[in-house]
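Below is one structure, written out as structure tokens; comments come after it.
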Amino acid sequence: MQTILGANGQIAEELTRYLHDNVTQDIRLVSRNPRKVHETDELFAANLMDADATAAAVEGSEIAYLTVGLPMDAGLWEQQFPTMMANTIAACQKHGVKLVFFDNTYMYPRTPAPQVEDTAFEPHGRKAAVRAQIAEQLLAEMRAGTIEAVICRAPEFYGPGKTQSLTNSAVLDRIRQGRRPLVPVSARTRRSLIWTPDASRAMGLIGNTPDAYGQTWHLPIDPARLTYAQLIEVASEVTGRPIPYRTVPEAVFRIGSLVNPTVKEASELLPRYRVDNIFDSSRFAARFPDFDVTTYREGIAQLLAG
């Protein structure tokens, strides 16, 4: 059995599809209110803040995937993520379950330097500090040899369904709706974006590759790393119409953060849009050369056709 902890998000849903079609139909979906993706899925309601419930959720599993997400709320992250990670580690240790952790890049430096798997953490902001903390929690246990685990790290998302990101909401969703896209901070810096189905497929592949464990892997992206201006140009070519856009400077976000809590929480990430974001997934490409990465043109065409 393979178990997905935090099973209602887009990443978990795509992972469930990958496992069902390529690995096993013996899949357990765990969240407070899990929902089936396939008729054969087993549902298990559990709160990962509860250590006993987490242990019961992974019992009998070969592999557990930690894909849980929380709303963009720094206080909530500080309160819940470290406990969830501690409970998950303890549960996997108790039952001898392999752990696959789906991670992000918030803790990386806010510079244009290429980001590789051993890039040192330099968290800026509360949410980045939490992400560094929980990654270090797991890395410490991996180094100590107390758990068989692997970290799968992804940059900013774009993609179908329930995919949540600033790129989706401010740029691509607005294009699909026939509205002018709003580019955060700069249209001229290069972005590293991952197509959410690719992220899930790659995580499932890594989780079922025994020699991938004990390491951190950057999940695969289109290495083109287009700017927002170039992404919108691709969208214009796909739709056959000119698409004007507006660049929203940080000062506007700062003003908005005074009255909108969501904008305030997102503001922590804005300095990352000032400079090129070079997420390097070449190590994955070398290890899994047959993995078919979705190009930006292919992904944008799928989104705008939906």
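The values are calculated or read from the model by the stated rules, or taken from the named source; none is laboratory data. Here the structure is a predicted model, which means the values were calculated and not measured. Here Cβ is always computed from backbone atoms with ideal geometry, including for glycine, and neighbour counts include all displayed protein chains.
See the values below:
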{"item": "Residue match in the range 148-164 (condition: without any contact (Cβ under 8 Å) to a residue 60 or more places away in the chain, out of contact with any helix residue (DSSP H, G or I) (no Cβ under 8 Å at 6 or more places or on another chain) and assigned to a loop (DSSP other than H, G, I, E, B))", "result": "no"}
{"item": "Any hit, the range 35-56, residues being under 30 Å from S282 (Cβ atoms) and not β-branched (V, I, T)", "result": "no"}
{"item": "Sole residue being closer than 25 Å to A135 by Cβ and buried (at least 23 other Cβ atoms within 10 Å of the Cβ), chosen from A202, A212", "result": "A202"}
{"item": "Residue list for the range 81-105, filter: in contact with a Cys (Cβ under 9 Å, 6 or more places away or on another chain) and either assigned to a helix (DSSP H, G or I) or among the aliphatic types (A, V, I, L, M) (or both)", "result": "L99, V100"}
{"item": "Filter pass, F291 being among the aromatic types (F, W, Y), touching a residue at least 24 places away in the same chain (Cβ under 8 Å) and assigned to a loop (DSSP other than H, G, I, E, B)", "result": "yes"}
{"item": "Close pairs from the range 237-253: first buried (at least 17 other Cβ atoms within 10 Å of the Cβ), partner part of a loop (DSSP other than H, G, I, E, B), Cβ under 7 Å, at least 6 apart", "result": "I243/P181; Y245/R180; Y245/P181; Y245/A187"}
{"item": "Inter-residue pairs, beta-carbon under 9 Å, first free of Cβ contacts under 8 Å to residues at least 12 places away in the same chain and in the range 75-94, second outside any helix (DSSP H, G or I), 6+ apart", "result": "L76/L70; Q79/M49"}
{"item": "Breaking point among (1) within 20 Å of S281 (Cα to Cα); (2) buried (at least 17 other Cβ atoms within 10 Å of the Cβ), for A91", "result": "(1)"}
{"item": "Qualifying residue in the range 267-286 (condition: among the aliphatic types (A, V, I, L, M), modelled with pLDDT of 95 or more and in a helix (DSSP H, G or I))", "result": "yes"}
{"item": "Pairs where the first residue, in the range 15-35, is under 14 Å from Y65 (Cα atoms) and the second is among the aromatic types (F, W, Y), C-beta under 9 Å, 6+ apart", "result": "L15/Y65; L15/F102; L19/Y65; R28/F44; L29/F44; V30/F44; S31/F44"}
{"item": "The range 265-275, subset surrounded by 17 or more Cβ atoms within 10 Å (Cβ to Cβ) and of a type outside the set (A, V, I, L, M), residue farthest from A224 (Cα to Cα)", "result": "E265"}
{"item": "Test: I4 is under 30 Å from R126 (Cα atoms) and surrounded by 20 or more Cβ atoms within 10 Å (Cβ to Cβ)", "result": "yes"}
{"item": "Hits in the range 152-163 (condition: surrounded by 21 or more Cβ atoms within 10 Å (Cβ to Cβ) and within 17 Å of Y65 (Cβ to Cβ))", "result": "C152, R153, A154"}
{"item": "Filter result (surrounded by 20 or more Cβ atoms within 10 Å (Cβ to Cβ) and either in a helix (DSSP H, G or I) or out of contact with any Cys (no Cβ under 8 Å at 6 or more places or on another chain) (or both)) within the range 47-80", "result": "L48, T54, A57, V58, S61, I63, Y65, L66, T67, V68, W77"}
{"item": "In the range 142-167, the residues that are closer than 19 Å to A132 by Cβ and within 13 Å of the chain's Cα centre (by Cα)", "result": "I151, C152, R153, A154, P155, E156"}
{"item": "V58 vs. criteria touching a helix residue (DSSP H, G or I) at 6+ places or on another chain (Cβ under 9 Å) and either more than 14 Å from L5 (Cα to Cα) or at pLDDT below 95 (or both)", "result": "no"}
